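The values are calculated or read from the model by the stated rules, or taken from the named source; none is laboratory data. All figures in this text were calculated on a predicted structure; none of them were measured in a lab. For neighbour counting, all protein chains shown are included, and Cβ atoms are generated from backbone atoms with ideal geometry for every residue, glycine included. Remember, those area values only see protein heavy atoms, side chains included, never the ligands or the DNA or RNA. Shrake-Rupley method; radii C 1.70, N 1.55, O 1.52, S 1.80 Å.
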Amino acid sequence: MKAEKKPKKIKKLKSINLGLWLSFSLFALLIIFLLTLVNYFAIGDVFTGQIRSRLVYIGGEIISAVEHSRPEEDNILDSIVNEFEESENVIIYLISEQGEVIVPFDRRQENVEEIVENLEHRLKGVDINDNLLFNSNGYMNYASRINYGQKCYLLISYKLTLINSTVKTYQEHIFFISIIILLIAFIISYSIAQKLSTPLKSISATAVQMAKGNYDVNFVSAEYQEIAQLSDTLNYTKEEIKKSEIFQKELLANVSHDLKTPLTMIKAYASMIKEISGNNPEKREQHLNVIIDETDRLTGLVNDVLNVSKISSDIDTVNKKVFNLTDYLYGVLNKFDYLRETQGYTFMVDIDADLYTCADEEKIGQAIYNLISNAVNYTGEDKTVYVSLKSDPIAGRIKFSVRDTGEGISKEELSEIWDRYYRSKESHSRPVKGTGLGLHIVKTVLTKHSFEFGVDSKKGYGSTFWIDFPDISAKIDIIDN
Ligand code: ADP
């Protein structure tokens, strides 16, 4: 026995687990990177901007307080300044040009002259009550020249290290958020990967079982639609392969059995003619008739098998042409003459003359033959089959129907009979050997033509199979005239 061929190993592929985890981690890292960028470049600026507007606001408030109070009422201004210092984390000075701290009262500054000099220098060209914002020595400063009984300088300073520590706190938060994002990414990717890979692994293992010839396996469904669809498709494929295997075995068994019986008969009757009836013309005639009948059966059987394989192999191509359906139907019915003559079948026909249609003549012929042959196989004791071909000129259709008087088809079976290899479990009289492919071929041929077809049947009341053809007889008449 040949060693089993293993599937070729292709390049090493990433597992879904790893792939998903890598993608999620990269995505998480990208988010972290963006957060860090925002943190470094935007958060600092946002804070600085906020402080600037706060300083301008406080400056404005103090200037307006200065405008509305008199120097004799220093204490009002002093309390306003103290309040701002406490609530806004700022240091405020109102210094006279001579270097005296006017407000706050209790504050003495050693290097006041230096500050005044610096402010004088910076505020050169800046109008009274206008302001200037500048950074120096780790502070953000607001400076303005104002009149408060004398020329003064207003200086409001905010310590920048306060911003830095806030930004640092944000950075720490972002670091922890990053770790949490990475962890969540890992957990999500792992659980999605598990949900994807587990059913796929199981499907793959089941497929291996199926490849080994075990068709009793079942492809499990999954949470995700696409995998569930894959499972369904594989289950359907499995059923089809299983049916096909059973069909092949049955067909082989049927065909070999049906070939053997007539062959045995032919041999037996030939021997009888040789040894016994050779000189008795009456008996010889009888025995020769059996041999001829059996040969006919053999020919019929071989033709059936050949037709099935031919139709199955080129079922996809439809060569449409215009032909006389009436004549063609009579031609098909002639094939059943031998049943009428030898087995007492009756064909009641109601066929309109000269009806033309456009279709693949050979394939439609096979479909009609299959339907009539089924009616013959399944009709009742009266061995009668009703065939009709009627035109409906208004609708432009031709209705073909074949009715038998048999057992009929149960509701449950009606939807299944068109399936490939479907054969009723019940036994029936069968002058023509069936393969379980007949109605499947009818369905395939008519679907390819887009012709409507169907069956009306009720258990115990026989069955009527019908096909709806396009009627082009009128056009043919016009051409003929
Ligand atoms: P086969 O006749 O070889 O079994 P078909 O595909 O032609 O295969 O038909 C499939 C099944 O449909 C049959 O086995 C039978 O059960 C049912 N069937 C088809 N035609 C008829 C009919 N005229 N009356 C009752 N049952 C029918």
Separation in nanometres of the label points that stand 7 Å from Cα toward Cβ, at Thr161 and Asp419: 8.4
Using per-residue counts of other Cβ atoms within 10 Å, averaged over each peptide, order 205-213, 190-198 from highest down. 190-198, 205-213
Residue-level accessible surface for His257, protein heavy atoms, 1.4 Å, Å²: 120
Of Asn131, Ser204, Val255, farthest towards positive along the dipole that unit charges on Lys, Arg, Asp, Glu beta carbons give the chain: Val255
At a probe size of 1.4 Å, how large is the accessible area of Val305, to the nearest 10 Å²? 50
Suppose every Lys and Arg Cβ carries +1 and every Asp and Glu Cβ carries -1, with no other charges. What dipole size does the chain come out with about its Cα centre, to the nearest 20 debye? 3300
Computed over the chain, protein heavy atoms only, probe 1.4 angstrom, the accessible area per residue in square angstrom equals 62
Let me spell out the model: positive unit charges on the Cβ of Lys and Arg, negative unit charges on the Cβ of Asp and Glu, origin at the Cα centre of the range 191-293. What dipole size does that give, in debye rounded to 20? 360
Taking R0 as 45 Å, what's the FRET efficiency between Lys390 and Ile276 from their Cβ-Cβ distance, rounded to 0.05? 0.25
Label-point gap, in nm, between Leu29 and Lys283 - each point 7 angstrom along Cα→Cβ: 9.9
Let a ≥ b ≥ c be the square roots of the eigenvalues of the Cα gyration tensor of the range 125-182; is it rounded (a/c under 1.5), or, if not, prolate (a/b larger than b/c) or oblate? prolate
Portion, in percent, of the accessible area of the range 217-319 that falls on carbon or sulfur, probe 1.4 Å: 57
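According to the square roots a ≥ b ≥ c of the eigenvalues of the Cα gyration tensor, what is the shape class of the range 277-369, taking rounded for a/c under 1.5, prolate for a/b larger than b/c otherwise, and oblate for the remainder?
Verdict is oblate for the range 277-369.
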Within the range 364-400, backbone nitrogen closer than 11 Å to the virtual label 7 Å beyond the Cα of Glu412 toward Cβ: none
Considering only Leu301, Ile115, Leu234, whose Cα is most displaced toward the positive end of the charge dipole of the chain, charges sitting on Cβ of Lys, Arg (+1) and Asp, Glu (-1)? Leu301
Take the Cα pairs of the chain, get the Kirkwood Rh, then feed it into Stokes-Einstein at 10 °C and 1.306 mPa s and tell me D in µm²/s. 48
Fully extended contour minus Cα-Cα distance, from Val322 to His173, at 0.36 nm per residue: 45.4 nm
Could you tell me the calculated FRET efficiency between Thr198 and Leu22, based on Cβ-Cβ distance and R0 = 25 angstrom, to the nearest 0.05? 0.85
Using a basic spin-label model with each label point 7 Å from the Cα along Cα→Cβ, how many nm lie between Glu452 and Ile351? 2.4
Roughly how many debye, to the nearest 20, is the charge dipole of the range 123-274 about its Cα centre, given +1 on each Lys and Arg Cβ, -1 on each Asp and Glu Cβ, and no other charges? 320
Quick one: compute the contact order of the chain, relative version, from alpha carbon pairs under 8 angstrom and 6+ residues apart, as a percent. 10
Which entries in Lys411/Lys448; Lys383/Lys459; Lys363/Lys443; Lys124/Lys151; Lys390/Lys475 show an alpha-carbon gap greater than 22 Å? Lys411/Lys448
Can you tell which of Ala143, Ser410, Val220 lies farthest toward the positive end of the dipole of the chain, using +1 and -1 charges on the Cβ of basic and acidic side chains (Lys, Arg; Asp, Glu)? Ser410
For the chain, the longest site-free run once GluC sites (Glu not before Pro) in DSSP loop states with at most 10 other Cβ atoms within 10 Å are removed: 224-380
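Calculate, in nm to one decimal, what Gln248 and Asp232 gain on full extension: separation in residues at 0.36 nm each, minus their alpha carbon distance.
Taking 0.36 nm per residue and subtracting the Cα distance, the gain is 3.4 nm.
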Geometric extent, Cα atoms of the range 120-278 - Rg, Dmax (angstrom): 46.3, 157
